[in-house]
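Structure first, commentary second.
All of the numbers you see were taken from the coordinates with simple rules; none came from a lab. For clarity, every value in this text was computed on a predicted model and none was experimentally measured. Positions of Cβ are backbone-derived with ideal geometry, glycine not excepted, and every protein chain shown enters the neighbour counts.
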Amino acid sequence: MASPRAPRGMHDTLPEDADLWRFIRDTAERVARLYDYRQITTPIVEDAAVFLHTAGDESDIVRKEVYLFEDRGGDALALRPEGTAAVCRAYLEHGMASRPQPVRLFYFGPFFRYDRPQAGRYRQLWQFGVEAIGTDSPAADAELIDLQLTLYGELGLTDLSLRINSIGTAETRRAFGKVLERHFLPHLGTLSTDSRRRFETNILRILDSKEDAQHEAVLSAPSILDHLSAEDRAHFEAVQRHLGDLGIAYAIDPRIVRGLDYYARTVWEVEPPDAVGQSTIGAGGRYDGLMEALGGPATPAVGFATGIERIALNMRERGLAPGGPAEERAPDVVTIPLGERGPAAAARAARLLRDAGVAVRSGLPGRSMRAAMRAADASGARYALIVGDAEADAGTVVLKPLRGDDPDDTEQRTVPAGDLGALATGLRV
RNA sequence: GUGGGUGUGGCCUAGCGGUUAAGGCGUCAGGUUGUGGCCCUGAAGAUCGGGGGUUCAAAUCCCCUCACCCACCCCA
C-alpha cells in the first residue's frame, strides 16, 4: 500500500522554507500598516453563493475552479478561491459602511482553485491581498498600486513591470461589447472555438485570448480605451496622473481584461521582466460592482492580491531569499547531559537560560559525549553546555564555545549553574 | 480540460534485458576511559512511483495509472 501524499497541487512548507515565508509575510503586513491598512481574517470556507454569484458565469473560477461541497446539514459551501468577495461579504455583514470610508483592509491566507498544477500554479495557494472599500477616488487606485510596488521593493523585487488598463464601467462594457460584436461577427469562422464561445458569453475576453493573439481580427479590434465614457476616461487619466505624481512607471495595456466580472475601470498586473508562463506576481483592480452582486448597496472599492508562492519563486531566482542552510536558525546553546545526575541538572540549567531568553536545544541523555558534541557542533549553536555527574554534584556547568567567532572567548570554562541567568546576555546571538 | 517530458534509499546521481541495484551527501554507531568541526571504519535505509504484460530472465521493453515538470487554457 502506497503511503498517503499531500493532495495534488498542495504542498508542505518545510522548516527550511519558513524563514522566507515569514519574511514575506512580515514585510507585507508591515508595509500594509505603513499605509494604515488593518488586517481582516475571514473563514476559509464560505457560502458558495459568495463566489458563484459574484465572479461571473464565464469566469474560469466559476466554470471549473471552485471546490464545492455540501456539509452535513446540506448547506452549499465553497473553499474560497479568492479573497475579495469574502472580504466584501464581511464588510456587509458587519455594517462597515458606517465606519469612516474607505475601510482599508488586508488579509493573508490560503486559497483553493481546482486547476491543473504547474510551476507557480497550485491548488492551494497563499495570497496577500489589500482592499480599500468605499471610495471611487482614483487616488485610492494609485495608493493600492503604490503599496503593492512598495512591498515588492521592500522584498528586493525591483525589476517588475506594471501594466494598467481601464475596462470602464459595466455600462461602458455593454456598449463596447456591441462594437466588438460587429467587429468579430465576420470573423467567427476563423476564430478558435474558445473565442467563439466567448463571443456568446463574454465577448471582451476574446481580446485576452492567447490562442488568437495573432489573429488579424484580434489585432485590428477596436480598443476599449477609445470607447470609455467621459467619466471613465477622466477616472483613468486621474489614476495615471497620481501614478506620475508618485513616480511610478507603468505601461498601458488595453488587452488586460480580468477574469472576474465585478471589476470596473482600473485593472492592473505586475510581472517580472522575463514574463513567461505563470508569471503574474500580483494583480488588482477596481470592483465597483461587487457589493451589489452580494446583495448590498452600491459601494465602490479597489484592491489587489499577490501570490506568496510566486513572490518566493522570484526571490529565489534572484538569490534574495534569506535563510539558506548556513543561515538557518540555530539554537544559542546545546546541552550535553552525561551520567546519572547530569540530565536533571542540565534540564535545570536549560530552564534558567530559557527564562533569560536564550534558545536552548536539550541534548538527549544516553549518547556518548563524542556523538553529543558532534550533534552540538552540527546544530550551529555557539555554545555547548556540558553537565555530568561531577558538575551536578558541584552545582556547576561547563560552558564551551563552539564557533570561535569571539577571540576573547575560545576556552571552555566551569561556572556556577546559578550564574547562567546573569551570563545569558552574552550567550544570546 | 488538451499536448509533451520525467519518476532509482531522506536528497543528488550511476546502472538502460542477465548473478545478492552502485556511489556521493545526509542519518546512526564506533575510532579505549567525559569533548566537536578534518579523517578513518561500520550500520541502517530502495523489491528501482504504483499496477498489469512481454521474456528463461526487467529498474532496464510494452500498456494502464498516479505524481511532478513544461506548454496551452487561466490567473496569484
Full-extension gain between A:Asp26 and A:Arg241, please, as 0.36 nm times their residue separation minus the C-alpha to C-alpha distance.
74.3 nm
State, in angstrom, two size descriptors of the stretch A:77-120 derived from its alpha carbons: Rg to one decimal place and Dmax to the nearest whole number.
14.0, 43
Spacing of the two label points (7 Å from each Cα toward its C-beta) at A:Arg316 and A:Arg354, in nm
3.2
Evaluate E = 1/(1 + (r/R0)^6) for A:Glu411 and A:Ala6, where r is the Cβ-Cβ distance and R0 equals 51 Å; express this FRET efficiency to the nearest 0.05.
0.55
Where does chain A land on the Kirkwood hydrodynamic radius, alpha-carbon pairs, in angstrom?
25.3
Pop a pseudo-label 7 angstrom from the Cα along the beta-carbon direction at both A:Arg341 and A:Tyr114 and give the gap in nm to one decimal.
6.7
Amide H partners (placed H, <5 Å) of A:Asp288, local residues excluded
A:Ala264, A:Ala301
Here the net charge surrounding A:Val239, from other residues whose Cβ is less than 12 Å away from its Cβ (Lys, Arg +1; Asp, Glu -1), is -3
If the chain between A:Ala390 and A:Ser161 were fully stretched, how many nm would it gain, using 0.36 nm times the residue separation less the Cα-Cα distance?
75.9 nm
Computed lengthening from A:Met369 to A:Glu154, 0.36 nm per intervening residue step minus Cα-Cα distance:
72.8 nm
Can you list residues from other chains, or at least 5 along the same chain, whose modelled amide H is less than 5 Å from the amide H of A:Leu402?
A:Tyr383, A:Ala384
